[in-house]
Every structure is written in structure tokens, then in C-alpha cells.
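So the structure is just underneath, and the comments pick up after that.
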Amino acid sequence: RKQSKHTKTINGYYTGGKTSLTIPEGVAPLVPDVNDPFVLSRPDVHDISATIGKDLVGTDHPVLNSAARYFFNSEDGKGKGKQVRPVMVMLLSRAMMGSNSELGELDSNHPYTAHILKSQRRLAEITEMIHTASLFHDDVIDEADTRRGQPAAHRAFGNKMAILAGDYLLARASICLARLRNVDVVECMSTVIEHLVRGEVLQIKDSRTGVVDMEGYLRKNFYKTASLMANSCKSAALLRRSPPDIIEAAYLYGKHIGVAFQLIDDALDFEGNEASLGKPALADLNAGLSTAPVLFAAEIHEEELIPAMARKFKKTGDIELALRCIHEADGVNRTKELAAVHAGIAMGAVMEAFEPSPYRDSLVHLACRVVDRSR
């Protein structure tokens, strides 16, 4: 991989100019049937979309029913997406089985372990419902045409029904959350919904002014993406009544994976195509949004780029100018370097707190997948 020709310190982190990760000592190499995150989590998550679509999302209104199930019941499987969030929750849940909790160290055959895992599995479903609800709302606000390789929900059902379907999913998720009977988890996951709204408001504010700094951009990304990952991972630890160091490690893992995930999304917007991304390339730029590659370019091409950012790239030639500045500033690569730093912090959190196991190793490999992905 190409390395950045610019400073090796990005956003206060030393990157070493690396856009990929090194597997820590003590972690077994990736073996599909042993520690591959998507293979290892398959027994827990393979039917999550089907369960949500059939059992958790049900209404007597046929159109709302179809809209709410839109991404869960797609025949070709594209609609369900990558399901990274449920995978994270279940891998962490399994990895924590090797660590102590208030319940003592329980083996996988203990009856209460099955009860905890069932609750954590329901948490994974709730996490996916909240995420999907946010997609319904985001696509209406952003006027997106496609999502996950198919028409966005509001293109299929109209704006009002898409918004109502998102609201309905959040309501169903809240009911499922209450049934977990854990006040700390309810508070933790309720915070996510607050953060989703905050993040969207910040994005609307940014889209009006056209100019945002890196600190504000990363704060918005935490609210919109990383908070759900961080708090769902933390909730998985809370359900197990884990000690504070495990709860903190779970939160940090989810948070930094979330930040890395969004940074890579931003980079792929400049590298991918509609077939690989499931949405048009340069979607953010065409929407007038200044993401990490643009912000890195603005550090070097401030006089040229800031005015184009302020007018949201609406003037003829603005997008071409932005692309040239990003190329000259190595903005895409620098975004990947920052993503690799955050993924490395996530790996460090689980390596320090969790006992060695294939599940812990799969969390490390998942961090690598997030940084190295192409879609």
C-alpha cells in the first residue's frame, strides 16, 4: 500500500504512515474456521435479519409492515448489509466468557450462560434495528436514491412512510430493550438514540455552512456511527455484569472501530463505485459534505478549497478542484492512516482486557477487516 508523503502525525496520533494494521503478538493468524469474525459469529447472527423481520417487527398495517421489513426481508440478501454491529456484539459476548464477572467465571455449559447469551443475542438484534431505523431517516434527509444496492426506502414507499417506518423500528427496539430488564443497558442504549439525533443535527448545520473542522467532523461521526457501536458493545458487557475494566474495554473497542469504520467509508466514497458501495461514488461530495479527505486537503489548499467547501461544491468545477486538492494532499490515504490508528486502539483494548481465545482473536481480525475493506 502507498504510504502518505505528509506528516506521520495525524489529528494528534502518530501513524507511522501506515494504512494497514499489524496483528499483535499472541494473536493467531486468520484461519476461516477458527477465528474469522464472520465465520465464528455465523451461528449467532446468521438469522438475525429473519428474526427481526418475522418476529420483532410486526404491524397490522400492510404498507408500514412492508416498509419496516424492507431491509430485513430482501430476497437476494443484499438488503441486510454487512451486519458488523451484531457481529461485534456477539463476538464480544463470547470473548467475555473467559473473563470473570460478578457471577464468577461461568463455563459455556452453565445454564445462566445460555440465559446471558440469549439476552446478548437480543441486544444484537436491537442494535441492528436501531441502525436500520437511522438509515431510513438518513436517506430521507440526504435525498439518497439507493442503499445497499437497492432503491432507498423512501424511493420505494415515499418520505412519510419511510420516516414512520424508522420511528416504528425505534419504538419496537425500545420495547425489546425494556424487556431485557436491565436499567443500565436501557440507559446506555437510549443514549445512542439521542446521539443519532445530535449527529444528524450537526450534519444539517454543517451542510448549511459548508465548512467544518476535523474536531467537529469526528464528533459528528461519533454521534452518527461510533456511539451505537460503543454503547452496544458496552451493553453486552453490562448484561454479563462484567467488571469495570471489561466494560471499559468493550466500550473503547466499539468506539474506535466505529470511528475507523466511518473514516474508511469516507475514503471509499472517493475510490469505489456504485456496484461495490451500494450507492453512487462521490455521494458525500455531490451532497456538499466535507468529509475527512476534504478536510485533510484543506489543511494544505486552504485558500482554494475553503471557498468551495463554503458553497458546498455547487459552482461548476468545484468538485474537480476538490478531487485535485485531495489527490495532491494525499487526503484519501491520510484518512486511511487515521482509521488504522483508531482500529489499532480498538485492538489494544481487547488485547489488554480479554483472555486469549479464538473470539478475542476474531475481534482483532475484525478490526483489520474494517480498515482493509473495499465496500
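Taking θ as phi - 60°, what are the ³J(HN,Hα) couplings along the range 226-232 by the Karplus curve (6.51, -1.76, 1.60), each to the nearest whole Hz, with x for Gly and Pro?
Karplus values, whole Hz, x for Gly and Pro: 6, 4, 4, 5, 5, 6, 6.
How many percent of Cα pairs in the range 151-248 exceed 18 Å? Could you put the intermediate results ahead of the total?
Values: 2844 of 4753 pairs.
That fraction is 60 percent.
May I ask you to rank R85, R311 by accessible area, largest first, using a 1.4 Å probe over the protein chains only?
From most accessible down to least: R311, R85.
Name the aspartates and glutamates eligible as straight-distance cross-link partners of K82: C-alpha to C-alpha under 15 Å, and not fewer than 8 places from it in the same chain.
Correct list for K82: D36, D44, D47, E125, E128, D265, D372.
Counting Lys and Arg as +1 and Asp and Glu as -1, each charge on the Cβ, what is the dipole of the chain about the Cα centre in debye, to the nearest 20?
So the magnitude is around 480 debye.
Which distance in Å, rounded to a whole number, links the C-alpha centroids of the range 108-142 and the range 219-256?
Spelled out, the Cα-based centre of one part sits 13 Å from the other.
What fraction, in whole percent, of alpha-carbon pairs in the chain exceed 30 Å separation?
Counting every Cα pair in the chain, those more than 30 Å apart make up 38 percent.
Using the per-residue mean of other Cβ atoms lying within 10 Å as a proxy for protection, in what order, highest first, do the peptides 281-294, 358-371, 169-182 fall?
Details: 281-294: 21.0, 358-371: 24.7, 169-182: 17.2.
Ranking the peptides 281-294, 358-371, 169-182 by packing returns 358-371, 281-294, 169-182.
Suppose accessible area is computed on protein heavy atoms with a 1.4 Å probe; arrange Y223, Y217, Y112 from highest to lowest.
Y112, Y223, Y217
Any idea of F354's accessible area? Nearest 10 Å², probe 1.4 Å.
Here the residue's solvent-accessible area equals roughly 10 Å².
How much accessible area per residue does the range 270-375 have, in Å², with a 1.4 Å probe?
40 Å²
What is the set of long-range amide H partners of R147 at a cut-off below 5 Å, with H atoms built 1.01 Å from backbone N?
Here the answer is A152, since their amide H atoms fall under 5 Å of that of R147.
Whenever you get a sec, compute what percent of the accessible area on the chain sits on carbon and sulfur atoms (1.4 Å probe). Please list the in-between numbers first.
Details: 8440 of 16420 Å².
Using a 1.4 Å probe with all protein chains present, the chain comes out at 51 percent carbon and sulfur.
Of the options G272, M351, H365, report the single residue whose Cα projects farthest towards the positive end of the charge dipole of the range 256-375 (beta-carbon charges: Lys, Arg +1; Asp, Glu -1).
With unit charges placed on the Cβ atoms, the residue in question is G272.
The values are calculated or read from the model by the stated rules, or taken from the named source; none is laboratory data. Source: prediction; values computed, not measured. Note that we place each Cβ from the backbone using ideal geometry, even for glycine, and neighbour counts take in every protein chain shown. For the accessible areas, the whole protein counts, side chains as well, though only heavy atoms, and no ligand, DNA or RNA atoms are used. Shrake-Rupley method; radii C 1.70, N 1.55, O 1.52, S 1.80 Å.
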